[in-house]
1. For every helix of n ≥ 4 consecutive DSSP H residues, a contribution of -39,500 (n - 2.57) applies; sum these over the chain, divide by its total residues, and give [θ] at 222 nm rounded to the nearest 500 deg cm²/dmol.
2. Which pairs, out of 151/310; 35/151; 71/93; 34/206; 35/71, put more than 29 Å between their alpha-carbon atoms?
3. From the phi angles alone, apply the Karplus equation (6.51, -1.76, 1.60; θ = phi - 60°) to segment 136-142 and give each ³J(HN,Hα) in whole Hz, x where the residue is Gly or Pro.
4. Ordering 290, 196 from largest to smallest accessible area (1.4 angstrom probe), what's the sequence?
5. Can you give me the long-range amide H partners of residue 38? Hydrogens built in the peptide plane at 1.01 Å from N, cutoff under 5 Å, separation of 5 or more residues or another chain.
6. Helix 203-224 sits at what angle to the longest principal axis of the chain, using alpha carbons and giving 0 to 90 degrees rounded to 10?
7. In whole Hz, what ³J(HN,Hα) sequence does segment 282-290 give by Karplus (6.51, -1.76, 1.60; θ = phi - 60°), x for Gly and Pro?
8. For segment 44-140, with all protein chains present and a 1.4 Å probe, just round the carbon and sulfur fraction of the accessible area to a whole percent.
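The values are calculated or read from the model by the stated rules, or taken from the named source; none is laboratory data. Values in this document were obtained by computation on a predicted structure and should not be read as measured data. All accessible areas refer to the heavy atoms of the entire protein, side chains included, with ligands and DNA or RNA removed. Shrake-Rupley method; radii C 1.70, N 1.55, O 1.52, S 1.80 Å.
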Amino acid sequence: MNPHRRSAFVILLAVIASALLPQAGLAQEEALRKKVLLIGLDGVRVDIMALVETPVIDSLAAAGFFSDEAKTRVRTVSGPGWSSMTIGARTDKHLVDSNNFEGNDYETYPDFLTRIEWERPELNTFAVSDWPPLGTTDSGGPLFSDDIDVKINFDGEADGYRYADSLSVEAAVEQLRDTDVDAAFVYLGDIDVVAHETNSRSPEYKAAIEWADTRVGLLLQALRDRPTYGEEDWLILMSTDHGRNDAGGHGGNSPSETTIFFLASGPSVEPGRTDCPPEIVDVAVTALAHMGLGPDPAWNLDGQIRGLKK
Ligand SMILES: [Zn+2]
């Protein structure tokens with residue numbers, strides 16, 4: 001057999017084998033090591049995001065499970081928004097209804113990374129943020145507890161959010177590329193601050209969303225650069241804590257404030273759109289489920305698993 005015919009023959013054999021053994025591919029997929037990255041963008045209005053250039057987010061959405069009709073169903077303020085998203089339960093449980101985090105019940109209702117540490121301490125968790133209450137004792141925080149293996153805090157209030165966000169991304173790239181991290185949260189705050197300083201239709205706000213999209217690209221590249229990436233099943237989750245009104249503020253119940261996006265992407269995701277809009281509390285529950293954690297009914301969470309293959 002000449003070499004060309006031999007290679008054609010080998011390919012033919014491979015095609016037949018793969019047709020006869022569909023389970024082989026499935027088994028291989030199941031053996032991939034489950035990992036999760038939640039990227040949180042503060043204060044994105046979905047109708048404005050749809051107008052601007054976000055090629056990275058667009059490509060994740062096109063290949064994944066995406067809704068731009070998801071709902072907060074908690075007060076459209078950052079404290080309750082981030083708490084509900086990362087815990088998987090609403091304000092009546094975690095008790096955070098403003099940007100004053102005092103009086104919270106994070107002991108009963110921890111963030112998803114802390115929950116992972118409590119249930120499976122052998123897993124490696126990482127969080128980075130630059131809004132101080134998320135990671136420090138500022139304003140009655142932190143939301144993300146000290147049980148998380150690697151927690152890095154920058155200070156957007158002191159240093160400016162665009163600069164602090166870029167430090168957060170740099171730190172996250174190192175962790176996501178170079179360590180054996182299993183579950184991670186990365187927070188970007190600049191978008192929200194720019195809208196407060198201008199309004200929800202300003203060129204500055206649109207540019208801030210576009211800038212964040214490029215940072216998401218760096219985070220995804222860091223994952224692809226992992227030496228073990230081919231053996232891993234990364235679930236990428238993205239969402240925002242609230243929308244905003246035209247003036248750039250938020251806190252009310254208007255559709256532009258209560259509507260958020262929910263994005264899930266990765267080998268375990270069932271791609272497509274949904275007629276049943278997700279809620280903010282679905283984010284943490286989906287992250288936990290991907291990691292093989294319940295949700296245990298005893299945790300009393302409010303969210304549902306969304307976008308994962310059955
Ligand atoms: Zn916010």
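1. Values: 14 runs with 132 residues, N = 310.
The helix-only estimate for the chain comes to -12000 deg cm²/dmol at 222 nm.
2. Details: 151/310 32 Å; 35/151 17 Å; 71/93 18 Å; 34/206 34 Å; 35/71 25 Å.
Result: 151/310; 34/206 exceed 29 Å.
3. 10, 7, 3, 6, x, x, x
4. Numbers: 290 10, 196 100 Å².
Result, largest first: 196, 290.
5. Here the answer is 184, 185, 186, 237, since their amide H atoms fall under 5 Å of that of residue 38.
6. 40
7. Running phi through 6.51 cos²θ - 1.76 cosθ + 1.60 with θ = phi - 60° gives 6, 4, 5, 5, 5, 4, 5, 4, 4 Hz.
8. Details: 1680 of 3590 Å².
Here it works out to 47 percent.
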